[in-house]
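> One structure is given below, represented as structure tokens, and several questions about it will come after.
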Amino acid sequence: MIKGLKPFRITDRLTDRPDHTLVGVIKMPVNTVSPIKAIGRRIIGASLALTLTVLIVYIDRDGYRDANGDGLTLLDCLYYATVSLSTTGYGDISPVTEQARLVNVLIITPLRVLFLIVLVGTTLEVLTERSRQAFRIQKWRSKVRDHVVVVGFGTKGRAAVKTLLGDEVMEPNRIVVVDPDQLALDAAGALGLVTVHGSATRSDVLRVAGVQRARAVVVAANRDDSAVLVTLTARELAPNAHIVVSVREAENVHLLKQSGANQVVISSETAGRLLGIATSTPRVVDMVEDLLTPESGLAIAERAVEASEAGGSPRHLPDTVLGLVRGGNLYRVDSPEADAIEPGDRLLYVRKVTPTEDLNR
């Protein structure tokens with residue numbers, strides 16, 4: 001190796017890249033404008049610049065010389081404005097007086113620049129948007145804390161995000177979706193979510209998503225083996241995060257618990273139980289769906305114990321209490337530990353969602 005030169009190392013690790021190269025990997029939510037509206041704005045801007053130039057030249061037409069020597073008509077002024085703003089400049093019409101030349105320098109030249117910006121607006125917009133994305137990514141990565149990382153934006157991942165947004169647990173820009181499918185990421189971006197393109201089985205992809213500073217991680221992978229690997233990686237990077245995993249088979253629950261999952265939801269068995277219940281007592285399924293749907297009807301919620309409630313029984317409260325959380329442990333309302341409410345407990349209860357709340361959401 002030549003002395004004095006630093007070794008060049010090719011790497012695919014996302015965490016080794018500078019922030020501006022992550023445009024396309026990380027995508028921040030943006031307010032999009034329809035193509036018709038964007039084109040219409042450019043046409044209006046170009047027309048205004050052209051019209052203003054025509055008026056300026058026409059008012060000061062005595063300060064211009066035509067190659068034909070017969071003076072400038074309104075059509076000549078339009079012709080001059082067109083070839084001048086487009087930087088064609090045939091030279092057959094030119095300013096000859098000092099006043100006309102000063103107007104060209106101070107007014108027509110800026111209008112020419114504005115006209116060119118409008119003409120090449122698409123290219124400039126792409127470059128500007130890329131720079132803006134790079135700046136927003138850099139700012140977001142330096143400040144993101146206590147967010148939720150959702151791995152997989154299929155049916156389960158979308159339902160999880162819908163619940164987070166519906167319960168107003170999280171703002172959209174504090175939810176990060178990781179998925180290798182660009183179509184899924186586009187759907188997530190349309191909801192205002194931050195998206196990261198890549199496989200969550202790679203630690204550098206999860207690092208880019210800020211999982212090491214996340215409050216919770218939702219693993220909704222399509223395969224159980226992928227869910228195990230993602231859980232292992234996420235737990236290694238985020239020892240204190242609350243990791244919730246969805247699996248298809250019950251036999252894989254212990255693997256995920258050993259991998260570091262705090263909670264495991266068996267999607268296939270849960271759906272199977274509801275299907276079985278629906279054959280004999282369909283109204284029970286309707287009630288369960290009502291409880292799991294936060295938009296209307298009844299919903300399961302959690303709240304802190306009020307000072308006046310300490311020492312009493314949760315069964316005597318106006319709310320329908322299902323259980324309480326004490327010291328990080330959940331106790332059902334019929335357990336001995338839940339006979340008396342203690343300060344610092346949190347209650348799980350059935351809350352009625354009013355129409356006013358629906359409208360606010």
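The values are calculated or read from the model by the stated rules, or taken from the named source; none is laboratory data. Given the structure is predicted, the values throughout are model-derived calculations rather than measurements. When we count neighbours, we look across all protein chains shown, and the Cβ atoms used for this are built from the backbone with ideal geometry, even at glycine.
> I'm told Asp334 meets every condition in (1) at pLDDT 85 or above; (2) within 23 Å of Ala159 (Cα to Cα); (3) exposed (fewer than 12 other Cβ atoms within 10 Å of the Cβ) except one. Can you identify the failing condition by its number?
With (1) at pLDDT 85 or above; (2) within 23 Å of Ala159 (Cα to Cα); (3) exposed (fewer than 12 other Cβ atoms within 10 Å of the Cβ) applied to Asp334, the lone miss is (2).
> So which residues in region 46-87 are closer than 15 Å to Val103 by Cβ and touching a strand residue (DSSP E or B) at 6+ places or on another chain (Cβ under 9 Å), if there are any at all?
Val57, Asp60, Gly63, Tyr64, Arg65, Leu72, Cys77, Tyr80, Ser84
> Do the conditions hold for Leu256, that is, is it at pLDDT 90 or above and either closer than 23 Å to Val219 by Cα or surrounded by 14 or more Cβ atoms within 10 Å (Cβ to Cβ) (or both)?
Working: at pLDDT 90 or above: yes; either closer than 23 Å to Val219 by Cα or surrounded by 14 or more Cβ atoms within 10 Å (Cβ to Cβ) (or both): yes.
The answer is yes for Leu256.
> Now a separate question. For region 166-175, give me each residue that is of a type in the set (A, V, I, L, M, F, W, C) and in a loop (DSSP other than H, G, I, E, B).
Once the filter is applied, which keeps residues that are of a type in the set (A, V, I, L, M, F, W, C) and in a loop (DSSP other than H, G, I, E, B), region 166-175 yields Val169, Met170.
> Still on this structure, I have one more. Which number in (1) surrounded by fewer than 15 Cβ atoms within 10 Å (Cβ to Cβ); (2) in contact (Cβ under 8 Å) with a residue 24 or more places away in the chain; (3) not small (Gly, Ala, Ser) marks the one condition that Leu324 misses?
Status for Leu324: all satisfied but (1).
> Let me ask something additional. Could you check Ile266 against (1) more than 27 Å from Glu337 (Cβ to Cβ); (2) within 29 Å of the chain's Cα centre (by Cα); (3) crowded, with 17+ Cβ neighbours inside 10 Å and say which number it fails?
Going through (1) more than 27 Å from Glu337 (Cβ to Cβ); (2) within 29 Å of the chain's Cα centre (by Cα); (3) crowded, with 17+ Cβ neighbours inside 10 Å one by one, Ile266 breaks only (1).
> Out of the residues in region 275-289 that are surrounded by 14 or more Cβ atoms within 10 Å (Cβ to Cβ) and of a type outside the set (Gly, Ala, Ser), state the one that is nearest to the chain's Cα centre (by Cα). Full working, then the answer.
Within region 275-289, the first condition is being surrounded by 14 or more Cβ atoms within 10 Å (Cβ to Cβ), and the residues that meet it are 277-278, 285, 288.
So of that shortlist, the ones also of a type outside the set (Gly, Ala, Ser) come out as 277, 285, 288.
Values: Ile277: 38, Val285: 33, Val288: 30 Å.
Among residues in region 275-289 that are surrounded by 14 or more Cβ atoms within 10 Å (Cβ to Cβ) and of a type outside the set (Gly, Ala, Ser), the one nearest to the chain's Cα centre (by Cα) is Val288.
A quick yes/no check of all residues on (1) surrounded by 14 or more Cβ atoms within 10 Å (Cβ to Cβ); (2) part of a helix (DSSP H, G or I); (3) of a type outside the set (Asp, Glu):
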position: Gln133; (1), (2), (3): yes, yes, yes
position: Ile137; (1), (2), (3): yes, yes, yes
position: Arg145; (1), (2), (3): no, no, yes
position: Val149; (1), (2), (3): yes, no, yes
position: Val161; (1), (2), (3): yes, yes, yes
position: Leu164; (1), (2), (3): yes, yes, yes
position: Val177; (1), (2), (3): yes, no, yes
position: Ala184; (1), (2), (3): yes, yes, yes
position: Ala187; (1), (2), (3): yes, yes, yes
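> Just checking, which of Gly311, Gly344 is under 27 Å from Gln263 (Cβ atoms), at pLDDT 85 or above and in a loop (DSSP other than H, G, I, E, B)?
On the way: Gly311 fails: under 27 Å from Gln263 (Cβ atoms).
Matching residue, one of Gly311, Gly344: Gly344.
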